[in-house]
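Taken together, the values in this text are just the output of simple stated rules run on the coordinates, not laboratory data. On a predicted model such as this, the values are computed, not experimentally measured, just so you know. Methodologically, a virtual Cβ is constructed for each residue, glycine included, from the backbone with ideal geometry; neighbour enumeration extends over all protein chains shown.
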Amino acid sequence: KPSSAKKAPSDKPPEYNQGQVQEINKKVDSKIHRVEENILQWIDEETKTLKDTLEKDIVSIRTEVDTKNIEMNSKVQTSIADLKEEVNEKVAIIDNKLMDNIFDTTTDYIPNDTQEKSPGSVKAIMDLKNKLHQNCNTLRFLCSEPLSVQFSMWNKNEIAVPRGDDPRIICFNWINCNSGGAIDDDGVSDMHTVVIPIAGPYLLSLGCQLMGHSGGIQLKRNKREKLMDGGRSDIVDLNEDDVLEVYAEGGTKFKEVNLMGCLLRPRVFITPGTTM
């Protein structure tokens, strides 16, 4: 009896009607949408975590800097008071010695033009004069010049400059600076200028969060010279009474704008042994 031939398997893929194809496409689109939502949610959570951590770090650093400035100023004021007291005591001792010599009747008075001075006494007098002069200059510097210049200004509000408008000066409503520094802060008014009190190299930083792809912010000196764009830090040599202002170009939308600066070293010191 002849064996029946086996039916060869077909290599042709199964066919789907239009309804089945649409159903499969819907399932694929749904899975892709869920994956996208999960990715966006993860990005939002990571961004929020990073932002919170960064803000905490900035607050911690500012608090630490303020604390150290207070401690440093306290130590300096104590040192100045001690130095003043020491100089006053030495001056009083010298005055008493001079008065004793003037009214000393045990020795004959010799006119200045005929009195011969020994080399040792001349050197001692000059050394004493130079030392007093040096101490007076040191006191004058410590009492007349701020020991440091630091300022930090913020405006966390959202700001928009209409497209086509002229550059606009940015005001700051959160100020932090040392006493006698570059900003005359009354604690109430918004500030928009920084007046440099001491000439020298400054570390400057200008930042903001841009909310568009056009425009930008700039730091200018004396309303003319551009020092830097937003998002930059640099060391800039500034003169006394230079005025710093931040400008936003037309079409710029931003928030969290901030300007920070600190004096690295004064350009001119009062050299001991000289006068101002």
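Using a cut-off of 9 Å between beta-carbons, work out the net charge of the residues near Arg267 (Lys and Arg +1, Asp and Glu -1, Arg267 not included).
Within the 9 Å Cβ shell, the charges total -1.
Amide H to amide H distances under 5 Å link Arg163 with Gly251, where only residues 5 or more positions off or on other chains count and H is placed in the peptide plane.
Note that the stretch 57-65 has calculated 3J(HN,Hα) couplings of 5, 5, 4, 5, 5, 4, 4, 5, 5 Hz, one per residue in order, obtained from phi through the Karplus relation 6.51 cos²θ - 1.76 cosθ + 1.60 (θ = phi - 60°); glycine and proline are x. Shown in residue order for the stretch 258-268 are the 3J(HN,Hα) couplings computed by the Karplus curve 6.51 cos²θ - 1.76 cosθ + 1.60 at θ = phi - 60°: 8, 10, 10, x, 8, 6, 7, 6, x, 6, 10 Hz (x for Gly and Pro).
Under a Cβ-only charge scheme (Lys and Arg +1, Asp and Glu -1), can you give me the dipole magnitude of the stretch 186-234 about the Cα centre, in debye to the nearest 20?
On the way: 6 positive and 5 negative charges, 50 e Å.
That gives a dipole near 240 debye.
When the listed pairs Lys68/Lys129; Lys156/Lys223; Lys26/Lys253; Lys51/Lys75 are checked against a 28 Å cut-off, the alpha-carbon distance exceeds it for Lys68/Lys129; Lys26/Lys253; Lys51/Lys75. Here Lys123 is the anchor, and the lysines within straight C-alpha reach of less than 18 Å, apart from those fewer than 8 places off in the same chain, are Lys97, Lys131.
Give, as a single signed number, the net charge of other residues whose beta carbon lies under 13 Å from the beta carbon of Thr49, with Lys and Arg counted +1 and Asp and Glu -1.
Values: positive: Lys48, Lys51, Lys56; negative: Asp44, Glu45, Glu46, Asp52, Glu55, Asp57.
With Lys, Arg at +1 and Asp, Glu at -1, the neighbours total -3.
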